[in-house]
Amino acid sequence: MVRSMSETSTPATGSRRWITLVVVGLAQLMVVLDATVVNIALPSAQADLGFSDGARQWVITAYSLAFASLLLLGGRLSDLIGRKRTFVIGLIGFAIASALGGAAGTFELLVAARALQGVFGALLAPTALAVLTTTFTVPRERARAFGVFGAIAGAGGAVGLLLGGVLTEALDWRWNLYINVFIAAIALVGAFVFIPRINRTGPRPRLDVPGTVLVSGALFGLVYGFSNAETGGWDAPLTWGMLAAAGVLLAGFAAWQTRATHPLLPLSIVLDRNRGAAYLSVLIAGAGMFGIFLFVTYYLQLTLGYSPIQTGLAFLPMIAMLVLAAQLGTNLLVPRFGPKLMVPAGMTLGAIGMVDLTFLDASSTYVPNVLAPLMIIGFAMGTIMPASMQTATLGVDRQFAGVASAMVNTSQQVGGSIGTALLNTLAATAAADYLAAHTPVTEAVGVQAAVASYSTAYWWGAGFFALGAVLSALLFRRRGDGLSLTQAEQPEPVRAADPVPVA
């Protein structure tokens, strides 16, 4: 590939690199937990603002639509205008949007603020990963950094459940949004001090506007279509219309990228066998994860009667295992065995944990019945996510690090949307079938119907992980074929030109 520009920077050294990791980790945690922290606050927000059950989904969907559809644009902007600048803009914008949402006096303002959060989250998430990718180039340090970052990406949803419960019960639902202002402020100070300034030499590439419009429209259609399937059903014309439009736009985007002068996402990035396998693994894991957070939360609260705080605390052992697996994997196991063994192993563990959850019933209790499968799934996610994220960004030309990182977030977001829609639909169908077969419908029958619906979701979640195990085992290269996770990245060439500050 002929580079139209190159970048030079004074890399962070010593402890500065690890403080940079803390800064981008805070930003990633804020974005990831925001997808679930508001869920806990919804009933209180609904009672306060007086919106209907039918309108309630838009508090979640507005964020998802804006975030998913603009991720690739956000990642590319970080490549074009500079990582530090994009990161700072994303932090400030996310904080302002969160403050607006927390202060919202009407449903419409709350939804608008959530959409604005999604816009700036789409800037922030890929830029955080791109900063990490370009900061840590020494293989051993890179592995450790991605272990921490991958653990945050995998555990953010569970942390959101706990934090949401604490804030809602102890303070007010609005603090689920206000808390982002404080997190962003800390990260902003760290960004100004510790994220290095990068200089670009050579001509600045242009933004691929047609490609941006095509892929943003396609991602919007995908997420909207699957979201509508949850509420309007799979037979709704709007569901299939949006999904069909998304398919057409994706095909048009792929065709355009082969002839664009400045492509948004060079197809060589996603068609690389290892990177393609990593993106697919993140998508499948994202789909399977929602079977954990969503339905285990339902089970704990509605069947076992847990409070929001108790529910969040119930997920803590899962987070602990995720962090343990992420550190063991990236520091010891992935460098030795590579993603071809580690990612399928994590997927297999995920399937085992999901199958274990299918044995839960109305009389189950936490320690003997719920704890073990959650810990297994936590270890599975800690094995899958860091290895996949590290592989997905390894060896990418520095000028495309942002958009390659955005593909990781896009894969997780689209996977979550697919998983939520499919599992919700399958669970609702299972509950309806159970009720139809067990008349008259009593309170006990209703409880059993709910348990049956959760079990169906777990079985399908196990299927997602099993599919991921097979595909990742087939697609990842063997160690030694192509780039290795222990291979140091080559430094970018520096052109003999006056450096132009861009961040």
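Can you find even one residue in the stretch 375-382 that is at pLDDT 90 or above, assigned to a helix (DSSP H, G or I) and farther than 21 Å from SER472 by Cβ?
Checking the stretch 375-382: at least one residue is at pLDDT 90 or above, assigned to a helix (DSSP H, G or I) and farther than 21 Å from SER472 by Cβ.
Suppose the filter is in contact with a helix residue (DSSP H, G or I) (Cβ under 8 Å, 6 or more places away or on another chain), small (Gly, Ala, Ser), surrounded by 13 or more Cβ atoms within 10 Å (Cβ to Cβ) and modelled with pLDDT under 90; does GLY461 pass it?
Details: in contact with a helix residue (DSSP H, G or I) (Cβ under 8 Å, 6 or more places away or on another chain): yes; small (Gly, Ala, Ser): yes; surrounded by 13 or more Cβ atoms within 10 Å (Cβ to Cβ): yes; modelled with pLDDT under 90: no.
Spelling it out, it is not the case that GLY461 is in contact with a helix residue (DSSP H, G or I) (Cβ under 8 Å, 6 or more places away or on another chain), small (Gly, Ala, Ser), surrounded by 13 or more Cβ atoms within 10 Å (Cβ to Cβ) and modelled with pLDDT under 90.
In the stretch 346-376, what residues are farther than 27 Å from GLN448 by Cβ and surrounded by 21 or more Cβ atoms within 10 Å (Cβ to Cβ)?
First pass over the stretch 346-376, keeping only residues farther than 27 Å from GLN448 by Cβ: 346-349.
Of everything in the stretch 346-376, those that are farther than 27 Å from GLN448 by Cβ and surrounded by 21 or more Cβ atoms within 10 Å (Cβ to Cβ) turn out to be GLY346, MET347, LEU349.
Going through the stretch 192-242 one residue at a time, which ones are polar (S, T, N, Q), over 19 Å from THR420 (Cα atoms) and modelled with pLDDT of 80 or more?
Of all residues in the stretch 192-242, those polar (S, T, N, Q) come to 199, 201, 212, 216, 227-228, 231, 239.
Imposing the further condition that a residue be over 19 Å from THR420 (Cα atoms) reduces the set to 199, 201, 212, 216.
Selection gives THR212, SER216.
Residue by residue through the stretch 130-141, note down the ones that are out of contact with any Lys or Arg (no Cβ under 8 Å at 6 or more places or on another chain) and crowded, with 24+ Cβ neighbours inside 10 Å.
Looking only at the stretch 130-141, we keep the residues that are out of contact with any Lys or Arg (no Cβ under 8 Å at 6 or more places or on another chain), and these are 132-133, 137-140.
Scanning the stretch 130-141 gives LEU132, THR133.
Please work out if ALA387 is aliphatic (A, V, I, L, M) and either within 17 Å of the chain's Cα centre (by Cα) or part of a loop (DSSP other than H, G, I, E, B) (or both).
On the way: aliphatic (A, V, I, L, M): yes; either within 17 Å of the chain's Cα centre (by Cα) or part of a loop (DSSP other than H, G, I, E, B) (or both): yes.
Here the answer is yes, as ALA387 does meet what is asked.
Where the second residue is of a type in the set (S, T, N, Q) and surrounded by fewer than 21 Cβ atoms within 10 Å (Cβ to Cβ) and the first is closer than 11 Å to TYR366 by Cβ and lies in the stretch 311-324, which pairs have Cβ atoms under 9 Å and are six or more apart or on separate chains?
Qualifying pairs under 9 Å: THR311/GLN301.
Please specify each residue of the stretch 212-251 satisfying the condition of being β-branched (Val, Ile, Thr) and either in contact with a Lys or Arg (Cβ under 6 Å, 6 or more places away or on another chain) or under 21 Å from GLN57 (Cβ atoms) (or both).
Let us first name the residues in the stretch 212-251 that are β-branched (Val, Ile, Thr), namely 212-213, 215, 223, 231, 239, 248.
Within the stretch 212-251, VAL223, THR231, THR239 qualify.
Looking at ASP361, ASP433, which is the one that is part of a helix (DSSP H, G or I), in the same structural domain as ASP272 (by TED's automatic domain parsing) and more than 20 Å from the chain's Cα centre (by Cα)? Talk me through it step by step, then tell me what you get.
Details: ASP361 fails: part of a helix (DSSP H, G or I).
Among ASP361, ASP433, only ASP433 is part of a helix (DSSP H, G or I), in the same structural domain as ASP272 (by TED's automatic domain parsing) and more than 20 Å from the chain's Cα centre (by Cα).
Test LEU300 against the criterion of being within 30 Å of GLY160 (Cα to Cα) and either in contact with a strand residue (DSSP E or B) (Cβ under 6 Å, 6 or more places away or on another chain) or assigned to a helix (DSSP H, G or I) (or both), and give yes or no. Can you show your working first?
Working: within 30 Å of GLY160 (Cα to Cα): yes; either in contact with a strand residue (DSSP E or B) (Cβ under 6 Å, 6 or more places away or on another chain) or assigned to a helix (DSSP H, G or I) (or both): yes.
The answer is yes for LEU300.
Which numbered condition in (1) at pLDDT below 85; (2) more than 21 Å from the chain's Cα centre (by Cα); (3) of a type in the set (Phe, Trp, Tyr) is the only one that TRP256 fails?
(1)
May I ask you to say which residue of LEU283, LEU243, LEU264, LEU249 is assigned to a loop (DSSP other than H, G, I, E, B), within 25 Å of LEU65 (Cβ to Cβ) and touching a Gly at 6+ places or on another chain (Cβ under 7 Å)?
Working: LEU283 fails: assigned to a loop (DSSP other than H, G, I, E, B); LEU243 fails: assigned to a loop (DSSP other than H, G, I, E, B); LEU249 fails: assigned to a loop (DSSP other than H, G, I, E, B).
After ruling out the rest, the residue left standing is LEU264.
Applying the selection to the stretch 36-66, what residues are modelled with pLDDT of 80 or more and farther than 16 Å from GLY101 by Cα?
Listed by number, the list holds a single entry, LEU65.
List every residue pair whose Cβ atoms sit under 8 Å apart, with the two residues 6 or more apart in sequence or on different chains, where the first one lies in the stretch 27-56 and is assigned by TED's automatic domain parsing to the domain that holds ILE96 and the second, anywhere, is surrounded by fewer than 19 Cβ atoms within 10 Å (Cβ to Cβ) and acidic (Asp, Glu).
SER44/ASP172; GLN46/ASP53
Looking for something of a type in the set (Phe, Trp, Tyr) and without any contact (Cβ under 8 Å) to a residue 60 or more places away in the chain - is there at least one such residue anywhere in the stretch 60-77?
Of the stretch 60-77, the ones of a type in the set (Phe, Trp, Tyr) are 63, 67.
Those left that are additionally without any contact (Cβ under 8 Å) to a residue 60 or more places away in the chain: 63.
The answer is yes; a qualifying residue exists.
Could you list all residues from the stretch 324-345 that are at pLDDT below 85 and either among the acidic types (Asp, Glu) or buried (at least 24 other Cβ atoms within 10 Å of the Cβ) (or both)?
ALA326, GLY329, THR330, VAL334
Could you check ASN424 against (1) more than 18 Å from MET289 (Cα to Cα); (2) in a helix (DSSP H, G or I) and say which number it fails?
(1)
Every residue, every condition in (1) modelled with pLDDT of 85 or more; (2) at positive phi, yes or no:
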| position | (1), (2) |
| --- | --- |
| GLY82 | no, yes |
| VAL88 | yes, no |
| LEU91 | yes, no |
| GLN117 | yes, no |
| THR134 | no, no |
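Are there any pairs, at least 6 apart or on different chains, whose C-beta atoms fall under 7 Å, with the first in the stretch 330-359 and over 13 Å from SER388 (Cα atoms) and in contact (Cβ under 8 Å) with a residue 12 or more places away in the chain and the second part of a helix (DSSP H, G or I) and aromatic (Phe, Trp, Tyr), and if so, which?
Note: pairs meeting the criteria are LEU349/PHE379; GLY350/PHE465; ALA351/PHE465; MET354/TYR458; MET354/PHE465; LEU357/TYR458; THR358/TYR458; THR358/TRP459.
The values are calculated or read from the model by the stated rules, or taken from the named source; none is laboratory data. The model shown is predicted, which means the values in this text are computed figures rather than measured ones. Heads up, the Cβs are rebuilt from the backbone with ideal geometry, glycines too, and the neighbour counts pull from every protein chain shown.
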